[in-house]
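Enquirer: Okay, here's the structure, questions in a sec.
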Amino acid sequence: MIGRRVGLLTIIAREHLDPKVGRIFRCECECGNITFIPQSNLLTGNTRSCGCLRRRKNDLPFAGASRLPEYNIWTKMIARCYDHEIPEYKRYGGRGIVVCDRWRTSFSNFLEDMGRRPSTAHTLDRRDNEGNYALSNCRWATWIEQQNNRRDNQRITYQNQSLTIPQWSRLTGIPPTTIFNRLKLGWSIDQALTRMARTRPRPNASMLQNLTFNGETLPITEWAERTGFSYRVIWTRIKSGWSTERALTIPIRPNRIIEFDGKSMTLQQWSDQTGIKFGTLRARIESGWPIADALSAVRLKNRR
C-alpha cells in the first residue's frame, strides 16, 4: 500500500500493529500534516484527510452554507486539484493546477471573493486554462463562455467568419456535438454548418397499432419495452412485411459492417468512434436513415 493515494492522503510508511484497530500506516496529507491511520479506514475510504476536510467544512460563513451550490463548486474545485483518485484530477492537479492558499482551506474566503453565482447557468471558470484557481484568474461563466475558453476548442472559418463550435451552434441552431461529429466524419464545413440535424419523431398513430404475439395483444410501444427493440425498428419491420413473430424476435446483428467515407466498421466500432450510443445507431439504420445522417446527427430532446 506504500505510495497509494486515498483522498488527500499519501501512504508513506507501514507502522505498528494495534491490537484494537489493526495495522497502522503513516500518511502525509496534502496540507502537509503527518497522520497515522488504521489500514481498515484507508481501505474503506472512511478517512480521506488528516482532518483538514472537516475543518474546512466547519469554516462556514453562516448556518446552512454547506447546502449552497457554491459550496459544492468549491469542494469539487479542491478535489480536481488534489484528489488523485477521481478521473478529473489528470486534467487539473495532474497538470500542476492548484488552488490558492486563501481558498484552499476556507470556503468563507472563496465566497467572499467570488460572491454568489449570477444564475444556475453559471459555473466556476478560469480565464487562463493554464493558470491556478485564484481570484485574479476566476470568474462565474456560462457553459457557452466556458466552451469558448477551452484549450482544445477549435475555431472554424466560414464565409469570412472565424468562430468556435459553440458560437457556430448558437448562430445556426445546430447542436455543437452534431457539428463536431460531422467535421470528424469528414463533412465539409458548408455541410456541417448548414444541414439541419434530423430529429427523431415521436410515435405516430400507425406506430401505436396493436400487435398480437403468443396470445398477447399490445401496442408496438409496449412490445418495444418488452423486447428491447426501439418502437421504430418494430414498426419499420412490420411496414416492410415482416411477420409479427419475426419483427419481435429476430435480433439485430451487432457485427453488421457499415461502410462510410472509405471506412468499413461494425456498428459498435462506429458507436465508439462517433460517441453515438449503439442502440441509437442501430435504430436509425434499421429505420432507413441515410448512413451519413445516422453517423452524425444528434437527436434533440423533445421539449414540452
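Rule-based calculations on the coordinates, nothing more; no lab input. What you see is a predicted model, and the numbers here were worked out from it, not measured in a lab. Positions of Cβ are generated from backbone atoms using ideal geometry, with glycine treated the same way; all protein chains shown enter the neighbour counts.
Enquirer: Report the extension gain between residue 269 and residue 239 in nm, rounded to one decimal, defined as 0.36 nm multiplied by the number of residues separating them, less their alpha carbon distance.
Expert: Details: separation 30, 0.36 × 30 = 10.80 nm, distance 2.88 nm.
That pair, residue 269 and residue 239, stretches by 7.9 nm at full extension.
Enquirer: Students often get this wrong, so check it: of 76/277; 90/263; 20/90; 239/277, which have C-alpha atoms separated by over 30 Å? Show your work: numbers first, answer last.
Expert: Values: 76/277 28 Å; 90/263 33 Å; 20/90 38 Å; 239/277 25 Å.
Checking Cα-Cα distances, 90/263; 20/90 exceed 30 Å.
Enquirer: How far is it, in nm, from the label point at residue 112 to the one at residue 216 when both lie 7 Å from their Cα along the line to the Cβ?
Expert: Result: 6.5 nm between the two label points.
Enquirer: Please find the FRET efficiency linking residue 14 to residue 90, where r is the Cβ-Cβ separation and R0 is fixed at 30 Å, and quote it to the nearest 0.05. It would help to have the intermediate numbers written out before the result.
Expert: On the way: r = 28 Å, r/R0 = 0.93.
Rounded to the nearest 0.05, the efficiency is 0.60.
Enquirer: Between residue 160 and residue 191, what is the FRET efficiency for a Förster distance of 22 Å, r being their Cβ-Cβ separation, to the nearest 0.05? All intermediate terms of the calculation are to be shown ahead of the outcome.
Expert: Values: r = 18 Å, r/R0 = 0.83.
Approximately 0.75, to the nearest 0.05.
Enquirer: Taking square-rooted eigenvalues a ≥ b ≥ c of the alpha carbon gyration tensor, is region 155-194 rounded, prolate or oblate, where a/c under 1.5 means rounded and, failing that, a/b exceeding b/c means prolate? Don't skip to the end; give the middle numbers.
Expert: On the way: a/c = 1.63, a/b = 1.17, b/c = 1.39.
Since a/c reaches 1.5 but b/c is at least a/b, the shape of region 155-194 is classed as oblate.
Enquirer: Let me ask another. Residue 35 to residue 225: FRET efficiency via 1/(1 + (r/R0)^6), r the Cβ-Cβ distance, R0 51 Å, to the nearest 0.05?
Expert: On the way: r = 53 Å, r/R0 = 1.03.
The computed FRET efficiency comes out at 0.45.
Enquirer: What residues qualify as long-range amide H neighbours of residue 4, i.e. H under 5 Å apart, gap of 5 or more or another chain, H built at 1.01 Å from N?
Expert: The list, which skips near neighbours in sequence, is 11.
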